[in-house]
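Here's the structure we're looking at; comments come further down.
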Amino acid sequence: MAALLLYLIGARSAGKTAVFDALIQTPEGPHFATKGAHRLGTVKVPDARLATLRDIFQPKKYIPAEVTFVDVALPAGGEGSGFSQLNAFLGEADAFALVVQAFGDTDGAGKPLDPVGQLESVLLDLAMADLEKIERRIEKIEQEVKRGLKQSLPELAVQQKCKDAIDAGRSLRDLELTADEQKLVASFCFLSHKRVLAVANVGDGDPAGEKCEALRAACAEKGIDLLAFCAPLEAEIATLSPADQAGFLKDYGLTEPARDRLIRTAYHTLNLISFFTVGEDEVRAWTIRRGDNAVTAAGKIHTDLARGFIRAETVASEILIEKKTHAACREAGLLRLEGKNYVVQDGDVIEIRANA
Ligand SMILES: Nc1nc2c(ncn2[C@@H]2O[C@H](COP(=O)(O)OP(=O)(O)OP(=O)(O)O)[C@@H](O)[C@H]2O)c(=O)[nH]1
Ligand SMILES: [Mg+2]
């Protein structure tokens with residue numbers, strides 16, 4: 001299954017690359033690939049429940065979920081972020097992590113530091129990149145209509161609705177579109193429609209980000225999840241052995257590495273949960289949306305399992321971890337047989353019964 005794609009965007013010199021380094025650094029060194037000037041790093045989603053299930057089942061294969069971070073290289077020169085030039089590339093993102101500079105006194109352009117202003121200007125750049133696309137498209141459809149071609153009229157209405165929202169200073173993220181409306185504009189991969197979380201890159205004098213009050217308030221008002229960490233400090237901590245990391249984090253009043261916090265925040269922002277499959281062959285995590293039912297979950301594993309779905313044998317991982325085997329869970333009456341409409345819960349261990 002493709003990893004969750006989280007693109008790091010932000011103003012110039014906000015610390016995107018420093019944050020990326022903190023996320024992909026390991027005691028064995030950094031792991032990343034490149035795509036043009038951009039850098040891509042894939043990490044495993046930490047999950048203590050899955051690790052315990054591995055210890056119990058001792059499978060041949062252990063497959064945690066994955067997240068790919070992308071360190072976006074902004075086009076050189078020009079005003080603003082240059083997102084229009086990166087439209088196709090950014091369009092592939094599942095979500096954006098918007099890095100905001102919260103260290104030092106001046107920003108990358110030499111102006112007094114203004115984290116809230118920086119956040120807002122990057123969000124505006126996303127919307128402006130969309131607006132360019134929308135206006136071009138509206139013009140094209142209007143020309144078609146003049147020539148008597150009316151097949152794009154339903155799409156025109158949706159494009160206009162999006163344009164009106166942006167013109168009114170609203171985010172496409174907050175625009176209610178029906179499933180049909182969404183389908184009509186899906187191929188445009190609007191950047192300001194994607195979920196966003198914010199990362200305050202704070203100085204090492206404030207590693208927990210206690211001085212980010214204004215940014216915190218602005219994010220809360222916009223419904224954007226925010227986390228704060230000091231990227232260079234976290235990159236240094238990530239080079240240490242796990243045992244040393246714990247002590248170091250504690251010294252700075254932190255409980256978890258930045259990578260783990262960011263991944264958890266991304267799951268929250270995107271409304272994602274994990275369910276697990278276990279056995280001798282593999283212990284594996286699968287990512288679905290909160291609210292997805294058992295058939296959708298089955299379809300993640302294989303389309304055949306969704307098509308021939310009969311039932312999902314389900315037990316919460318906490319219970320399986322306590323009882324150790326499915327047989328013990330069954331004996332205690334804790335292994336449930338769930339039907340198609342069962343809403344899968346975070347941490348469920350599921351075995352799909354399906355017709356071949
Ligand atoms: N003091 C301090 N400096 C930082 C921090 N994070 C980044 N920097 C410095 O700020 C500068 C810009 O950081 P980058 O990570 O390159 O920023 P960027 O957003 O990737 O920049 P571009 O890709 O050029 O747009 C570098 O000189 C970093 O060393 C931080 O938390 N504290
Ligand atoms: Mg960079």
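Each reported figure results from applying straightforward, stated rules to the coordinates on display, with no laboratory input. Nothing here was measured: the structure is a model prediction, and the numbers come from that model. Methodologically, a virtual Cβ is constructed for each residue, glycine included, from the backbone with ideal geometry; neighbour enumeration extends over all protein chains shown.
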**Q.** Checking His38 against (1) within 11 Å of ligand 1 (Cβ to nearest atom); (2) more than 27 Å from Glu236 (Cα to Cα); (3) in contact with a Phe, Trp or Tyr (Cβ under 8 Å, 6 or more places away or on another chain), the condition it does not meet
**A.** (2)
Q: Collect the residues in segment 66-92 that are away from ligand 1 (no atom under 14 Å from the Cβ) and among the acidic types (Asp, Glu), keeping them in residue-number order.
A: Glu66, Glu92
Q: List every residue pair whose Cβ atoms sit under 7 Å apart, with the two residues 6 or more apart in sequence or on different chains, where the first one lies in segment 18-43 and is over 24 Å from Ala76 (Cα atoms) and the second, anywhere, is of a type in the set (Ser, Thr, Tyr) and more than 10 Å from ligand 1 (Cβ to nearest atom).
A: Gln25/Thr239; Pro27/Thr239; Pro27/Ser241; Thr42/Thr68
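Residue-wise test of (1) surrounded by fewer than 18 Cβ atoms within 10 Å (Cβ to Cβ); (2) in contact with a Lys or Arg (Cβ under 8 Å, 6 or more places away or on another chain); (3) of a type in the set (A, V, I, L, M, F, W, C).
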residue	(1), (2), (3)
Ala2	yes, no, yes
Ala11	no, no, yes
Ala18	no, no, yes
Val43	no, yes, yes
Phe69	no, no, yes
Glu79	yes, no, no
Glu92	yes, no, no
Ala97	no, no, yes
Q) So which strands (runs of 3 or more DSSP E) stay within segment 1-105 end to end and still have 1 or more residues that are over 25 Å from Glu256 (Cβ atoms)? A) 33-35, 38-44, 61-63
Q: Inspect all residues belonging to segment 311-334 and state whether any of them is surrounded by 18 or more Cβ atoms within 10 Å (Cβ to Cβ), basic (Lys, Arg), free of Cβ contacts under 8 Å to residues at least 12 places away in the same chain and farther than 19 Å from Leu6 by Cβ.
A: yes
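Working only within segment 168-179, note down all residues that are in a loop (DSSP other than H, G, I, E, B) and under 22 Å from Phe89 (Cβ atoms). Please lay out each step first, then the result.
Step one: filter segment 168-179 for residues in a loop (DSSP other than H, G, I, E, B), giving 168-171, 175-178.
Selection gives Ser171 alone.
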Q: Considering every residue within segment 73-94, establish whether at least one is within 16 Å of ligand 2 (Cβ to nearest atom) and more than 27 Å from the chain's Cα centre (by Cα).
A: yes
Q. Since Ala109 meets every condition but one in (1) touching a residue at least 40 places away in the same chain (Cβ under 8 Å); (2) part of a loop (DSSP other than H, G, I, E, B); (3) away from ligand 1 (no atom under 12 Å from the Cβ), which condition does it not meet?
A. (3)
